[in-house]
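Read-outs: derived from the displayed coordinates by stated rules, not from any lab. What you see is a predicted model, and the numbers here were worked out from it, not measured in a lab. Methodologically, a virtual Cβ is constructed for each residue, glycine included, from the backbone with ideal geometry; neighbour enumeration extends over all protein chains shown.
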Amino acid sequence: MKYEVFMNITESVNLVNNKFSCEFHVTIEKKFKHMKHYTYTKASNNNDLSQLVTLFNTVFSPEKVGELAQVLTDHFPGFGLSNWYVVKEKDTDTVVSGFTSIPWQWIFEGIQLKVAELGILGTYDAHRNKGLFKINNQHFEEDLKEQNYDLAVIQGIPGIYHRLGYYYSLPMENHTEVPLHAIETDLAIDIHEACAEDIPFLIKEETTFTKAYSIASVRNTEHWEYILTHGKKSEYASRVYIVNNQDKQYYLRILDGGFGTGLTVSEASMSMPVNVIKTVFSYLKQEATRLNKPYLRLNMPDSHPFVKAAKNYGASIRPSYAWQIKIVNPVSFIEKIKPILEQRIINSLYSGFTGVTSINCYQFQINVTWKDGLIIDIDKTQGDEATYSLSIPDHLLSQLLLGHRTWQELQFIHPDVFPADQYLRFSTEQPSELSGEFFEVLFPKLTNWINCQY
């Protein structure tokens with residue numbers, strides 16, 4: 001009977017007992033029917049790019065996101081037509097949906113990470129709710145693995161991308177708001193807009209920044225050239241300034257746009273002394289007044305000296321957003337950051353540790369074998385009983401490995417995060433507290449920040 005119902009859907013659709021099977025079958029038929037009308041590919045010519053520009057300008061109107069797509073393709077380092085994943089309607093060869101993969105270089109305590117940002121996703125209204133992005137994203141996922149990316153990241157809207165394995169794992173878009181009335185007016189300042197000759201200095205300043213933060217972005221000469229020239233024609237336009245004080249220089253980056261109604265400052269030298277910060281705030285007040293901005297917004301990490309100084313002006317620190325991140329291959333990622341993990345153990349009470357540590361993600365398990373404080377093997381096989389173990393759902397793994405949250409912080413709202421047998425207390429010889437302390441050393445909370453590269 002069930003076989004007949006599945007094969008003869010028209011005759012069976014009114015049978016209550018088989019209603020779910022029929023509806024499911026109809027849904028699958030519709031999905032496959034939609035798939036037949038589209039081609040999933042990469043952009044390959046200027047006509048494809050022109051159609052993407054029109055698509056994004058239409059979908060994101062009144063924002064000119066299409067112009068951003070054009071500028072990135074024409075000028076951003078390491079970016080080209082093949083970075084665009086497009087869906088075309090077969091009958092008309094029209095691009096109806098698309099998104100991009102933007103290459104980033106991040107650094108994790110001296111180790112380079114290969115990062116791809118999934119961004120600028122848009123689909124025409126008439127072609128939505130057909131699963132086009134979900135299918136197109138599979139090609140992106142394949143490229144992540146084949147091209148050995150460490151992380152895939154998204155800056156996008158909330159409540160969607162966790163379905164694809166992206167979870168909030170690094171801070172972004174901070175909102176430290178500084179009222180103008182508390183800032184002194186018209187203090188003298190020697191300042192000019194940065195040019196190509198200032199790029200070596202800007203790179204040197206970034207080196208100072210990356211030493212202060214465990215995970216940060218890395219921008220080379222080409223990135224800074226883009227920011228200072230072509231980037232000014234996009235939705236992410238900014239102005240970079242050089243401040244001279246006696247025989248020293250400092251820099252400042254002000255966004256033309258940004259979230260909120262204030263004047264947004266996204267970067268500043270880490271070494272800027274108090275007297276210079278004072279004159280810079282006076283200049284920023286002047287700019288905000290000229291542009292009719294009611295306050296200053298510092299989009300910088302809370303630990304930045306510039307943010308700390310802002311508290312003297314009555315600044316309020318509002319909640320921040322976060323990067324949504326997927327670790328492409330957890331085993332490969334742990335292998336890549338192995339020197340960091342080994343150094344943490346060397347600098348701890350566990351120096352010289354020999355044994356097996358296990359991360360149980362419920363769907364899979366990662367075993368790390370140690371000898372004399374060094375990692376000699378990482379695998380997913382079910383091995384011998386671990387010396388120290390931690391259970392954690394895989395969707396929380398990126399927060400732990402990237403230092404966004406400690407296991408204790410995650411456990412506060414996720415009781416299925418726990419060391420060893422914490423809830424059952426089977427072992428008196430190897431109590432869960434020992435495992436907890438070990439993983440606290442192995443994966444501490446970190447101070448991370450990603451400066452924008454475009």
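I want the local charge near residue 147. Using Cβ-Cβ distances under 15 Å, sum +1 for each Lys or Arg and -1 for each Asp or Glu among the other residues.
Surrounding charge for residue 147 is -1.
Would you order 222, 142 from fewest to most other beta-carbon atoms within 10 Å of each residue's own beta-carbon?
Ordered from fewest to most neighbouring Cβ atoms within 10 Å, 222, 142 come out as 142, 222.
Residue by residue through the range 259-276, what is 3J(HN,Hα) from phi via Karplus (6.51 cos²θ - 1.76 cosθ + 1.60, θ = phi - 60°)? Round to whole Hz and write x for glycine and proline.
Result, rounded to whole Hz: 6, x, 9, x, 7, 8, 10, 9, 8, 7, 4, 5, 9, 5, x, 4, 5, 6.
Using the Cα centre as the reference, give the magnitude of the dipole from point charges on the C-beta atoms of the range 37-154 (Lys, Arg: +1; Asp, Glu: -1; all else neutral), rounded to the nearest 20 debye.
Using only the charged Cβ atoms, the result is roughly 220 debye.
So for the chain, averaging the separation of alpha carbon pairs under 8 Å that are six or more residues apart and normalising by length, what relative contact order in percent results?
Once normalised by length, the contact order is 15 percent.
At most 11 other Cβ atoms within 10 Å and a DSSP loop assignment: could you name the trypsin sites (Lys or Arg not before Pro) in the range 71-162 that fit?
90
Which of the listed residues, 324, 208, 288, is farthest toward the dipole's positive end in the chain, when Lys, Arg count +1 and Asp, Glu count -1 at the beta-carbon?
It is 288, whose Cα lies furthest towards the positive end.
Enumerate the lysines that residue 134 could reach by cross-link, defined here as Cα to Cα under 27 Å, with residues fewer than 8 away along the same chain left out.
Within reach: 19, 30, 31, 33, 36, 42, 64, 88, 90, 114, 145, 326.
Using Cβ counts within 10 Å as a stand-in for footprinting exposure, how do 192, 414 rank, fewest first?
In increasing order of surrounding Cβ atoms, one gets 192, 414.
Among 60, 281, 133, which comes first, then next, by fewest other beta-carbon atoms within 10 Å?
60, 133, 281
Determine the sum of side-chain charges near residue 101: Lys and Arg each +1, Asp and Glu each -1, restricted to other residues whose C-beta is under 12 angstrom from that of residue 101.
After counting each charged neighbour, the total is -2.
Would you calculate the convex hull of the Cα atoms in the range 102-240 and tell me its volume per residue in Å³?
190
What number, rounded to the nearest 500 deg cm²/dmol, is the helix-based mean residue ellipticity at 222 nm of the chain, given -39500 (n - 2.57) per DSSP H run of at least four residues and division by all its residues?
-10000 deg cm²/dmol, from helical runs alone.
Convex hull over the alpha-carbon atoms of the range 37-154: what's its volume per residue in Å³?
Per residue, the Cα convex hull of the range 37-154 comes to 107 Å³.
List the aspartates and glutamates whose Cα sits under 19 Å from the Cα of residue 204, skipping any in the same chain fewer than 8 residues away.
109, 193, 222, 225, 247, 267
Size of the chain along its principal axes in angstrom, Cα-based, largest extent first?
Ordered largest first, the chain gives principal extents of 88, 69, 36 Å.
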